[in-house]
Amino acid sequence: MRLSFFALIAVLICPLAGASPTGSAGHNPGLQLYHEAVRHFQEGDHAQAFEDYEESAHWGNKLSQFNLGTMYYNGTHVSRDPARAWAWIKLAAERGYEQLVDMEQAIWEELDAGEQARAQRILDRELLPDYGDASALPRMERFVNRRYRAATGSRLGGVAGSNPVWVQPRDQVQSTGDVYYGEENWRVDRWLEQEAAWFDSMMEAGEPVTRFEDQ
């Protein structure tokens, strides 16, 4: 019996088409890259999807980290490597979301002792130092603060109020300047609160998060 993640990938991707769990992609570089990765994955360009997921993961995007794990687990674009899959999904679960915790635990139980040791080394030595929240969230804070100051420092008077600002032209979503440039919409801690609420709502809705299949 082997885990199949295809259904779970769909669960974590599809709801985001209408609403994002972590703020506007126009503000959040990790989320912007995540959306690009999803688009490339759905178009069958798995190489570009992998590259975008990896860059998004650098900004602490947990869905990208999770999907990197699923690609390693399924052998999509990369050689199948359940130990490395576990390391990515364990990293994705570091904020304690039940769905992701369940998945990393299920993979861990598949690994023998040697593979468990290798998986832990990958997590500790390769992933946590660069992709873990201790590094990624301060990096995000610095980036977003610089971007916000640059966006509002000399232009706020020209964009505040009722002037329209295109937030995500690809999706034809627009917002007024006072909303788009509102400071609360550029706060990483607020994005994390939205993300947690999104995962909670998915659980309350009874969305399937695991599926086991005989292979």
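Readers should treat all values here as calculations from the given coordinates under stated rules, not as data from a laboratory. Owing to the predicted nature of the structure, the values given are computational and were not obtained by experimental measurement. Heads up, the Cβs are rebuilt from the backbone with ideal geometry, glycines too, and the neighbour counts pull from every protein chain shown.
The calculated FRET efficiency for the pair PHE143 and GLN120, based on their C-beta separation and a Förster distance of 41 Å, comes to about 0.85. Taking N as the residue count of region 21-142, its C-alpha radius of gyration divided by 2.2 N^0.38 Å amounts to 1.01. Scoring 83-89, 187-193, 103-109 by mean Cβ neighbours within 10 Å over their residues and listing the highest first yields 83-89, 103-109, 187-193.
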